[in-house]
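These notes are about the structure you will find just below.
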Amino acid sequence: MGVLLALLGCTATESCVASQDKVTQLLQRMEGSVNYSEPPNPSILLAMNLAGGNTEGFTYKWLLQEIKEEAVRKAQKDMTSGQVALYVLALLSSCEDPRQVQAQGQTLDLISVLQQKTDEEIAKLEDQGVPKTTLFSVSLDILALCLAKASDYQNPSVILAKQVLRPESHIFVDTRAVAVLALACAYDYVDAQDEQNLLQMALEAVTNSFLDEQEAENGMIGNIYSMGLALQALEATRKFYAPREWNCTQAFAVVSRHDYQQPMAIAQVLPALVGRSYLDAAGLDCSASPGPQVTLAQTPGVHTDFPPAPITVTYTITNKLQGKHFKHSTSVTVPDGSILLRVLEVAAAEKPQTFSFETEKTSWGPMVVSIHGLAGSTEDRTYWQFLSAGNALDEGVGTYKPHAGEHIQANFTTY
Ligand code: B12
Ligand SMILES: *[C@@H]1O[C@H](CO)[C@@H](O)[C@H](O)[C@H]1NC(C)=O
Ligand SMILES: *[C@@H]1O[C@H](CO)[C@@H](O)[C@H](O)[C@H]1NC(C)=O
Ligand SMILES: *[C@@H]1O[C@H](CO)[C@@H](O)[C@H](O)[C@H]1NC(C)=O
């Protein structure tokens, strides 16, 4: 009987766990990206723990130590609520107690820091209809508080459920996915029946909308970079869309076809590829034997006999939103295969008065924070959006490679 069940279980989920080769390759790529001169990325530690990365190696130990030190140094003053939440999830996944983070001769209660920052998010959300940062971060906050068994997330989870259920809300797939993880955790702990019903409604609505979208879009939910979180959400919430079934084979096929390169993208998709989600972050067995030894694959040197052909790209910057309106266009030539950042740099070098810009390092790469002296602001919820042929790009300037003759627009807008 046991064997039969095991066999059945195996056939049912067979195609919904990636091959060990694929997982190892992505783990290596993600670990290999860790730069010891830069701040640690908690999403990477979290993914290593969830996907069976090498917990004995130097990278793992470095990440864990730096995460503790960075938390003690910066959590209170220099981190957003969502960043603190990611630190909490990373520590939990390493079986460390986030209430007692010890580094630099100090002990920090990271949960009370998170609780306080979540309160600020929720206060603004109730007051002005928008959180201090984003609903994505608020969802991470609730998930982390819930997994850490803090006391104060029931009310926030009800407010999040209401946001998710607002008919007029156009919330990103990525955000709805993390919201689902947070609400699925909170569901087991809310006491009041009407509150639990509300969470259930939100969970049903989002998961069914994901399944609908997957059916309509040949397996895709959102774009290729939201798939990691969407798969995590669908894996963790089967009971909320039962008896409907999820064709995970179809969704996995989409993800398997893509060769993820960015460490953040890999960090979000890896847990799903081994059948796990961020919801599992607090229940891992940290004494288990370490995962595959990661031997850093030598990146093959690229030998090209000919330099890439030059291509011409049109680049337009537009502000019709705030202060003095402007619109400027230019045409720049860059080697084929260049990233969009190169186009911005050439434009700025040729016409610094008009096309000067600034970037900031983030976990996803360089983010353009200001163009032509006009900067996005979290206070006003403004940013520079990048588009091609009227469609928002699904990659940033450090990743996206424009093609010959493409017209790239940077438009100052709100989120
Ligand atoms: C919220 C959000 C935004 C907000 C950030 C607002 C804010 N102040 O918090 C806004 C609307 C500004 C934004 C903008 C963009 N975003 Co965005 N964003 C997200 C989202 C939903 C959550 C990020 C987050 O809060 N993380 C949690 C916090 C705690 O972590 P954090 O490291 O502090 O987060 C910061 C970075 O993520 C950064 N950021 C957000 N988006 C992007 C995108 C790029 C390319 C970079 C470099 C940084 C960056 O802003 C966050 C807050 O400071 C993610 C979804 C995801 N799957 O991660 C997409 C996501 C990261 N964004 C994405 C994209 C494509 C963009 C844009 C390039 C879209 C466009 N066409 O213009 C622009 C950036 C353009 C530029 N100026 O360089 C993609 C990136 C994919 C990729 N392979 O690079 C994602 C994965 C969404 C998706 N599935 O397509 N984004
Ligand atoms: C690591 O980060 C430093 C500082 O940001 C940078 O100068 C260096 O080029 C990076 N190293 C690699 C291998 O990317
Ligand atoms: C799942 O999707 C795949 C690919 O679209 C399709 O071939 C298959 O029949 C579907 N399976 C089920 C059980 O619907
Ligand atoms: C650019 O942003 C403005 C202000 O938000 C908006 O009205 C306009 O539709 C945007 N243009 C494009 C091409 O998205």
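Filter the range 393-410 down to the residues that are under 20 Å from residue 372 (Cβ atoms) and open to solvent by 50 Å² or more (accessible area, probe 1.4 Å), then identify the one that is farthest from ligand 2 (Cβ to nearest atom).
407
Inspect the range 137-157 for any residue being open to solvent by 50 Å² or more (accessible area, probe 1.4 Å), assigned to a loop (DSSP other than H, G, I, E, B) and small (Gly, Ala, Ser) and give the result as yes or no.
So far as the range 137-157 goes, yes, one or more of its residues are open to solvent by 50 Å² or more (accessible area, probe 1.4 Å), assigned to a loop (DSSP other than H, G, I, E, B) and small (Gly, Ala, Ser).
Within the range 383-415, restricting attention to residues that are charged (D, E, K, R) and more than 19 Å from the chain's Cα centre (by Cα), which residue is nearest to ligand 1 (Cβ to nearest atom)?
So the residue we want is 401.
When you check residue 270 against the structure, is it in the same structural domain as residue 32 (by TED's automatic domain parsing), closer than 24 Å to residue 94 by Cα and not polar (S, T, N, Q), yes or no?
Taking the combined requirement at face value, the residue satisfies it.
Can you give me the number of residues within the range 85-110 that are open to solvent by less than 20 Å² (accessible area, probe 1.4 Å), out of contact with any Ser or Thr (no Cβ under 9 Å at 6 or more places or on another chain) and assigned to a helix (DSSP H, G or I)?
Here the count works out to 5.
Would you tally the residues in the range 336-367 being in contact with a helix residue (DSSP H, G or I) (Cβ under 8 Å, 6 or more places away or on another chain) and open to solvent by 60 Å² or more (accessible area, probe 1.4 Å)?
Result for the range 336-367: 3.
The values are calculated or read from the model by the stated rules, or taken from the named source; none is laboratory data. What you are looking at is a predicted structure, and each value in this text was computed from that prediction instead of being measured. Cβ: placed from backbone, ideal geometry, glycine included. Neighbour counts: every protein chain shown. In case anyone asks, the SASA skips ligands and DNA or RNA and just uses the protein heavy atoms, side chains included. Shrake-Rupley method; radii C 1.70, N 1.55, O 1.52, S 1.80 Å.
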